[in-house]
Structures are given as C-alpha cells and as structure tokens.
1. Excluding residues on the same chain fewer than 8 positions from LYS274, give the aspartates and glutamates whose Cα lies under 20 Å from its Cα.
2. Under a 5 Å amide H to amide H cut-off, with H placed in plane at 1.01 Å, what residues pair with GLN224 once short-range neighbours are removed?
3. Report, ordered by chain and residue number, the lysines lying within cross-link reach of LYS91, taken as a straight Cα distance under 23 Å and ignoring same-chain residues fewer than 8 apart.
4. Please compute the modelled spin-label separation between SER385 and LYS373, points set 7 Å along Cα→Cβ, answer in nm with one decimal.
5. Strictly greater than 24 Å: what percent of every Cα pair in the stretch 83-218 meets that?
6. For the stretch 309-359, max minus min Cα coordinate along each principal axis, in Å, sorted largest first?
7. Which ³J(HN,Hα) values in Hz, rounded to whole numbers, follow from the phi angles of the stretch 96-106 under the Karplus curve 6.51 cos²θ - 1.76 cosθ + 1.60, where θ = phi - 60° and Gly and Pro get x?
8. What is the set of long-range amide H partners of GLY195 at a cut-off below 5 Å, with H atoms built 1.01 Å from backbone N?
Amino acid sequence: MNTASTAPQTQHRTQVCIVGAGPSGLLLGQLLHKAGVDAIIVERQSPEYVLGRIRAGVLEQVTMDLLDEAGVGQRMHAEGLVHTGFDMLFKGERHRIDLHSMTGGKQVMVYGQTEVTRDLMDARQATGLPTVYEASDVAIHDFDTASPKVTYTKDGHAHTISCDFIAGCDGFHGVCRASVPKQSITEFEKVYPFGWLGLLSDTPPVHHELIYANSPRGFALCSQRSHTRSRYYLQVPLTDKVEQWSDDAFWAELRLRLDPQAAQTLVTGASIEKSIAPLRSFVTEPMRFGSLFLAGDAAHIVPPTGAKGLNLAASDVKYLCSAFTEFYKDHSRTGVDHYSERCLRRVWRASRFSWWFTSLMHRFPDNGEIGQKLQEAELDYLIHSEAGSRSVAENYVGLPLNFGE
Ligand code: FAS
Ligand code: PHB
C-alpha cells in the first residue's frame, strides 16, 4: 500500500480517524466520544452540502436506541412520527401490514436522515471535537500496519493524522474501500434496471402511514417527514433525467399509480427537492482490512425499498464502537477481529429482504405481463397469510441484533 507524502505537513494524532461525516461517521464519532475514545472526523464536503442530500426516512428501533445512547434522540422523539404499520397497494386496493401486532409491539420512526445528521452535527459541534469539513485529497496510508495514517489538504495546507484505526465511513463513492488492494476484497453487486425519482414537498401526506404501491405503470412510494412535509418516489427508467420531470408530470404520474381514494386525497404542491437515485445491491467482503474498518454505505448498498440503508449503517457503527471500546478499555481484540463477520450476517439478511421487496414491488421490463401477474399473486398470498405478513413485518421493523444466535 502507498505510504504518506514526505512534504512538510501539520501532524495530528488520535486513536480513531473517521473518514466521512455522514450518519455513519457522525454517529461513530459521538458514540466513541461517549466511550472516552478519541476520534477526528475528516469530511470532503461542507456541512451544508451533507445536509442538502435528501435520503432515508424510516428508523428501526435499533437505530433509535443508538441515537438515544449517543445523546441525540431528543428531537427525534419530539418531532418524529411513530408508525405501527404501512399499506401495500396492488390491483387498485390497499392492504395494511400491522407491524405492531405482527412483531409483538415493535414499530418504526419516520424521521428524515437530514434531521438525524443535523442532530449529530450539532452534538459534535457542542463537544468541540475536531471535525474537518471541506478536506480535499483525502488519502489513507499504511492500514496494513498498526500505525495507519490519513492525509488531507485543507485551505491549501497539508495535514497528516496518525492513528491506531481508520473508520471508512465515506459512502459508496469514498476513498477508503477504493484504497483496498483488489486481491484483498470481494465485491458482490446487482444493479436494478430502474431508478427512484424522489420529490420532497411542503404538502400534507396523502395518508397517515406509508403506502408502497405495485402498479403496472411502476412502483410508487408515499412517505413523509412531518404532518406538513411529504416525500414521494416513482420508479423511472435509468435513462430518465430529473430535468425531464416537471412537478405537474410527477403528480400526474403518481396519481395514476395510486388507488382512487389516495389519488383524490393527494395534495400537490411545488417540489423543494427532486432527484433520481439509482438502485443497487452491493456488499463488500470482508469489511475490515488490517487497521481499516468499513461501515455503512462504504461497505454495502441496499435498494431503498426496505428502508434499510441508514439502519444497516447504524448497526455497523454499533459493532464498530463496541469493538474499539473493548480494544482500548479491556485490551481485547475480540471485537475488532470479529467485526466483519458480525456485520455481514446482518448486512446479508437486510440485503436479502431489500432485494426481495424490490423484486416484488417494481416493474421489470424483461419479465413481461406474466411478471406482473406473478407479483400480484404473491402480494395476494402475503396479505392473506398470517405467516406471510409476519415475515414482511419482522424484516421491515428490523431483525433483532442477536437474531439466529
Ligand atoms: P453517506 O454516503 O451518507 O456519507 C458518506 C460521507 O462521506 C459523505 O458525507 C461524503 O461526502 C463523505 N466522503 C465521501 N468521500 C470522501 C472522501 N474521500 N473523504 C472524506 N469524506 C468523504 N436509505 C434508506 O434507508 N432510505 C432511503 O430512502 C434512502 N435513499 C437514498 C438515496 C440516495 C441518493 C443515496 C445515495 C442513499 C440513500 N439511502 C437511503 C441510503 C442512505 O440513507 C445511506 O444508507 C446513508 O446515507 C449511509 O450513511 P453513510 O454510511 O454515512 O454514507
Ligand atoms: C423515505 O421516506 O425517504 C423512505 C421511506 C421508506 C423507504 C424508502 C424511503 O423504504
């Protein structure tokens, strides 16, 4: 692996260097702080840019508990929306999946990733701990040794961070996974033949719970951020560009994919954000390379149908924080040595559910008309089968961390 530059640099020293200040990096930084472990966070973008990315909306109980443990759960409990079920819409009719009764009282919290990130940013700032935004030329070095380094440039000045561990929380397009030698890593990937066109609007949600719609015209999702702010998605061809979609065209197409009652109830308005995201299933094995540990989107991507991306990032961070804490407090390597296998068992389960739910709810051009009929038959079975509905419910709320142990 390449070694650090010899040019004059400002030297820093910490225990853990976290690359990336998205939810993974910020949550890890906050939990490590609570555990008394030093960490520096290095982020390529500005805080405003990070907050401007509109992404996840549904938090599992494991994630909610972690945010409480990190001391940032207050606003989530005050402003988040507790949901005990969601609707599946197909053949023009809606059917409720009762999460609460099917999972022994579990639920999910609708609270946007932007707000989670804002809460974590505020908490980090309140600690006064070092967070470098707008760092350029971030590079990682010598992570096959016990003395890894991270270098970056800030305002034209070169810096070097010496540390014990590097936490690669830099997302799918980050530098950390890309720095691992090809022979040391296996990447599993499935790219879906469509994307999600998302629209955020200051309009009241069409329904008090989420609606996942399987329509012959394509998938649609009605989600929300509050009682006055809605988030909607439409499946669109990969060739579509967001500029092609006016607000009016979006609303008209959404209506065509909803049931008559929802189509009539829908309140439309100007978009405050509109973007197209590609869908893929992606998993890296292993997730640890010497002193480098990947967490969140840096290690895996799931299609957002199952609302798992952010929640998987949270469980990775939980395992990683306890591994580092055990190393420093108990002088134990058990956590660091078992990090990858602990994460990957949960990652593959969530990837399987996200793939399955995506395959069930979206229109696949190559599957022909029979594809739609087979999907409708499976949906018909699921909503009339207690076992089938329970399977959907227990995966949607998130399997327990010790599931299958
Ligand atoms: P992130 O990508 O959020 O954060 C990584 C951070 O690292 C970024 O701030 C980036 O700027 C920084 N970085 C990158 N390269 C760097 C470098 N070289 N040096 C320093 N910093 C660097 N999940 C859901 O559950 N539901 C959804 O609806 C949903 N929608 C999504 C839509 C899109 C377009 C995307 C991309 C993801 C979506 N996700 C969704 C998944 C998403 O929520 C992720 O799971 C979540 O952002 C994971 O957080 P992080 O692992 O922190 O990665
Ligand atoms: C969202 O609100 O952004 C959201 C909700 C559920 C999903 C995906 C996205 O499955």
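1. GLU48, GLU115, ASP202, ASP240, GLU243, ASP247, ASP248, GLU253
2. Residues meeting the criterion, in which the H sits 1.01 Å from N, are ARG231.
3. LYS373
4. In this crude label model, LYS373 to SER385 measures out at 2.0 nm.
5. In whole percent, the share of Cα-Cα pairs in the stretch 83-218 beyond 24 Å is 60.
6. If we take the Cα atoms of the stretch 309-359, the spans are 45, 17, 7 Å.
7. Coupling constants for the stretch 96-106: 8, 8, 8, 4, 4, 6, 7, 10, x, x, 7 Hz.
8. Amide H neighbours of GLY195, under 5 Å, 5+ apart: VAL236, LEU238.
Read-outs: derived from the displayed coordinates by stated rules, not from any lab. Remember, it's a predicted structure, so these values are computed and weren't measured experimentally. Please note: Cβ atoms are built from the backbone with ideal geometry, for glycine as well, and neighbour counts cover all protein chains shown.
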